[in-house]
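What follows is a single structure, written as structure tokens, with notes after it.
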Amino acid sequence: MDAFAQASDLSVDGKLYDTDKNLINAHGAGMLYHDGIYYLFGEIKKGTTWRVANQSWEDYRVPAGGISCYSSKDLKNWRYEGVALAPVKGDPKSDIDTGKVIERPKVIYNTKTKQFVMWMHIDAKDYSYSQSGVAVSKTPAGPYHYIKSVKPNGQMSRDMTLFKDDDGKAYLIYSSEQNNTMQVCLLSDDYLHPTKTYSRILINRRREAPALFKNNGKYYLITSDCTGWSANAATYAIADKVLGPYKEYGNPCKGLRANTTFESQSTYVLPLKEKNTYLFMADHWNKTDLEKSDYLWLPLKVENGKVEIINDAKK
Ligand code: DGJ
């Protein structure tokens, strides 16, 4: 990976601005590295937050704003590329209507079809729909063309991420089974369909916000607990094979407020040039005013197989 920046220079704790000095609006984000450029994709959160009635949990919402894209050569200066996937207005039957939930977009490139493929969590405002949506584009920043959403192998799919392995195979990793158990599903060669090959992992552990990366031939999966928009302690798990089994190793965070992942929730782990070094990307959710949510980016190190996310903040 051809990152110029050192991990320690990339830390963010709060707001992020683009090169036009506008606030970056890209939550539940993912990163694509393509031809020397980083592309950041995230949920556009805009408008007044309201609480969905008759829900047993704090279901705070803003209208689904679609997916934004920003690009950078150095992971520090971000150029706004526009709306990568626009929501649809006034069509409640559409998966990407503003009344739906469009969360946690992740993009990978398919070298065979020469298409950029975006997967995302698509849901109803009460999270009962539980599907994964897929969209494609011929160019990295989009606009993406939305294809459909699916329940992989008939299974629920909420918080999700996407992982492209060194052999070009890609996997969807998602909270399933009413958020009790995660699943990893191999995608078809064109990355557009779940295959029948899938596994159940972190069984009955109630984990969400998955972020998967590979180090030294092993697969590392960071997840959060299931507490709505409220922060909780992350854990990490390691597997020899991407489909698992995964063994959990506790909280990778060190420092003040490690027990709430520094008041954040994982969304992506980006490999950096420095050996065994990654950028841990997370969201500081502001649940009663979601538009004001911002970001936490911290260096993540793997040392002797152990993951550490260190926050040097003194208060
Ligand atoms: C936690 C998830 O990780 C978020 O992406 C979002 O779905 C919230 N729950 C909704 O409460």
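The values are calculated or read from the model by the stated rules, or taken from the named source; none is laboratory data. All values derive from a computational prediction rather than experimental measurement. All Cβ positions, even for glycine, are placed from backbone atoms using ideal geometry, and neighbour counts span all protein chains on display. For accessibility, only protein heavy atoms count, side chains too; no ligands or nucleic acids. Shrake-Rupley method; radii C 1.70, N 1.55, O 1.52, S 1.80 Å.
Our coupling estimate for the stretch 106-116, obtained by passing each phi through the Karplus curve with A = 6.51, B = -1.76, C = 1.60 and θ = phi - 60°, is 9, 10, 10, 9, 9, 5, 6, 8, 6, 10, 8 Hz, Gly and Pro reported as x.
Counting other Cβ atoms within 10 Å, which chymotrypsin sites (Phe, Trp or Tyr not before Pro) in the stretch 1-104 have at most 16 and lie in a DSSP loop?
Listed in order of number, the matching sites are Phe4, Trp57.
Only Lys, Arg, Asp and Glu carry charge here, each on its Cβ (+1 for the first two, -1 for the last two); on that basis the stretch 7-310 has a dipole of about 380 debye about its Cα centre. Amide H to amide H, with H built 1.01 Å from N, Asn215 comes under 5 Å of Tyr220, counting only residues 5 or more places away or on other chains. Summarising the amide proton neighbourhood of Leu300: residues at separation of 5 or more, or on other chains, whose placed amide H is nearer than 5 Å comprise Tyr278, Leu279, Phe280.
Solvent-accessible surface of the chain, taken per residue with a 1.4 Å probe and all protein chains present: 43 Å².
Distance check, please: which entries in Lys106/Lys151; Lys15/Lys76; Lys151/Lys196; Lys254/Lys292; Lys15/Lys287; Lys76/Lys273 exceed 19 angstrom between their Cα atoms? It would help to have the intermediate numbers written out before the result.
Working: Lys106/Lys151 17 Å; Lys15/Lys76 13 Å; Lys151/Lys196 12 Å; Lys254/Lys292 26 Å; Lys15/Lys287 16 Å; Lys76/Lys273 15 Å.
Long pairs (Cα-Cα over 19 Å): Lys254/Lys292.
For the stretch 224-230, the Karplus equation 6.51 cos²θ - 1.76 cosθ + 1.60, evaluated at θ = phi - 60°, returns couplings of 10, 6, 9, 9, x, 8, 8 Hz by residue, with Gly and Pro reported as x.
Sequentially through the stretch 297-314, phi angles give Karplus couplings (6.51, -1.76, 1.60; θ = phi - 60°) of 10, 9, x, 10, 10, 10, 10, 6, x, 9, 9, 10, 10, 10, 10, 7, 3, 9 Hz, Gly and Pro residues having no value and appearing as x.
Which loop-located GluC sites (Glu not before Pro) does the stretch 26-87 contain, where loop means any DSSP state but H, G, I, E or B and the Cβ has at most 15 other Cβ atoms within 10 Å? Display every interim value, and only then the final one.
On the way: sites: Glu43, Glu58, Glu81; in loops: Glu58.
Filter output for the stretch 26-87: Glu58.
Looking only at the chain, where both bridge partners belong to it, what percent of the DSSP beta bridges are antiparallel (to the nearest 5)? That works out to approximately 95 percent antiparallel. If you roll a 1.4 angstrom probe over the protein chains with everything in place, what fraction of the accessible area of the stretch 7-310 belongs to carbon and sulfur, to the nearest %? Its accessible area is 49 percent carbon and sulfur atoms.
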